[in-house]
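Asks: Just dropping this structure here.
Just so it is clear, none of the values below were taken in a lab; they were calculated from the coordinates. Nothing here was measured: the structure is a model prediction, and the numbers come from that model. Reconstructed Cβ throughout: ideal geometry from the backbone, glycine too, with neighbour counts over all protein chains shown.
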Amino acid sequence: MARNPANAPLVFTREVTIRTSGATLETAGIRPMKYAFDYSVTGQRNNDWVVYRYSDVLLMQAEAILRGGTGTAGEALGLVNAIRANRGITAFGSLTLDNLLDERARELYWEGWRRQDLIRFGKYLVAWQEKAADPDPKTLVYPIPSQQIAVNPNLKQNTGY
């Protein structure tokens, strides 16, 4: 259930509610969930999950341009600033891979892309917040399950596992 009316402010309370539905679906408790599951819906699967959003596609295009793809740095900046303008945020004056990574973190928060982004931008193994630096590059990939290796002789275990 969305806010009613739809333009009502989104206000969170200090109380943490694990499960909620109905009128409090978008407002009960502090939570990092971007798309809350509506537990009041039963018997049908109408709780949507975003796979790709248009802003993600624009950010991918901007990144491809910055990494040498077709286009100019100005075009990449324009793509990112269009997203920022839509959010009511001040435009960037210039675009670098570092502030593009930061923008992806803000725009795609809690959508499951951060690990891949940090690996792609070469930042996953460095220290941040409560995470110490990790000098072992094996953590960039997961181990292949032994059951899969057993049934497919063409598979080789990832290095370090």
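Asks: Going by amide H atoms built from the backbone, whose H comes under 5 Å of the H on TYR124, apart from near neighbours?
Replies: So TYR124 has HN proximity to ILE119.
Asks: When you count, for each residue, the other Cβ atoms within 10 Å and take the mean per peptide, how do 105-113, 135-143 rank with the highest first? The partial results should precede the final answer.
Replies: On the way: 105-113: 14.2, 135-143: 10.8.
Descending mean neighbour count gives 105-113, 135-143.
Asks: Considering only LEU101, THR159, GLY112, whose Cα is most displaced toward the positive end of the charge dipole of region 90-161, charges sitting on Cβ of Lys, Arg (+1) and Asp, Glu (-1)?
Replies: The residue sitting most towards the positive pole is THR159.
Asks: Still on this structure, please answer the following. Can you tell me how region 54-124 classifies by the Cα gyration tensor, rounded, prolate or oblate, using a/c under 1.5 as the rounded cut?
Replies: oblate
Asks: How large is the dipole of region 54-124 about the Cα centre if only Lys and Arg carry +1 and Asp and Glu carry -1, each at its Cβ, rounded to the nearest 20 debye? Don't skip to the end; give the middle numbers.
Replies: Values: 9 positive and 9 negative charges, 31 e Å.
Magnitude of the dipole: close to 140 debye.
Asks: Something else now. How far apart, in nm, are the 7 Å Cα→Cβ label points at ARG53 and GLN148?
Replies: Going from the ARG53 label point to the GLN148 one covers 2.9 nm.
Asks: What distance in nm separates the simple spin-label points at TRP128 and ALA82, each placed 7 Å from Cα in the Cβ direction?
Replies: 2.6
Asks: Work out, step by step, the length gained on full extension between GLN157 and PHE121: first 0.36 nm times the residue separation, then minus their alpha carbon distance; give nm to one decimal.
Replies: Extra length available between GLN157 and PHE121 comes to 10.5 nm.
Asks: Go through 56-62, 150-156 and give me the packing order, highest mean Cβ count within 10 Å leading.
Replies: 56-62, 150-156
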